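Structure record follows, encoded as structure tokens.
Nothing in this text is a laboratory measurement; each read-out follows from the coordinates by a stated rule. As the structure is a prediction and not an experimental result, all values here were calculated from the model. Here the Cβ positions follow ideal geometry from the backbone for every residue, glycine too, while neighbour counts run over all protein chains shown.
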Amino acid sequence: MARTKEFDREEALDRAMHVFWDKGYEATSLSDLLDAMGIARQSLYDTFGDKHALFMEALDRYETHRVGKLQSCLETAPSVTRAFRDMFEAVADESEHEKRRGCMGISAVMERAPHDAELAKGIAARQRGLEAIFFRALERAREKGELPPTKDTRALARFFVGALQGLRVAATADPKSAALRDIARITLQALE
């Protein structure tokens, strides 16, 4: 007779995500994961597969939440240009701890993408997805007259994806820097 799982899968996944986010893939041991998730080794394998499969699922959970927050910002702000300003300023306004922790996706790319084709492919797809969200928002902004009609919204969407990633890296490296606000301010001039 099969045993019933005695843990909440989503809660365990969330805990694993935080361990990977804090330590990275390579520095996270199986013991770290089992301790944080509160499960036995066999339960991890039966439920999530191996460490890599768990990492990929945890990363997907992180990215889905992050993109959802950005999309919500774009949909609820009084204007698209205001939404972009809010997104970039939010990074500068984070606590020092949040800035130092950085973006799990960017950390994963830097650590794993050169030798993990599955991860690189997934991150590239997520970047294209974020670009599409930004593109649709910028198209709406142009239709409403918030953006000059001559703006290349596809190129602008790509620029904002890269700029947001760059700002995150800068914030991780030097969370107290006044340069973060300058980076955000100059980046947002692309909307003028």
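Annotations for the structure displayed:
- Charge dipole of the range 56-191 about the Cα centre (unit charges at C-beta), most positive-ward option of Pro175, Pro148, Gln127: Pro148
- Given in Å, the Rg to one decimal and the Dmax to the nearest whole number for the Cα atoms of the chain are 19.0, 67.
- Residues of the range 75-96 with amide N under 11 Å of a point placed 7 Å along Cα→Cβ from Lys144: 75-84
- Taking 7 Å steps out from each Cα toward its Cβ at Ala27 and Ser79 produces label points 4.3 nm apart.
- Derived scalar couplings ³J(HN,Hα) [the range 63-76; Karplus, 6.51 cos²θ - 1.76 cosθ + 1.60; whole Hz; x for Gly, Pro]: 5, 4, 5, 4, 5, x, 5, 5, 5, 4, 4, 5, 8, 9
- Neighbours of Glu94 by Cβ distance under 11 Å: Lys/Arg scored +1, Asp/Glu scored -1, total 0.
- About the Cα centre, charge dipole magnitude for the range 56-191 (Lys/Arg +1, Asp/Glu -1 at Cβ), debye: 280
- With one equal scatterer per alpha carbon and no solvent term, the Debye-computed log10 I(q)/I(0) for the range 1-74 at 0.11, 0.13, 0.18, 0.19 1/Å reads -0.29, -0.40, -0.69, -0.75.
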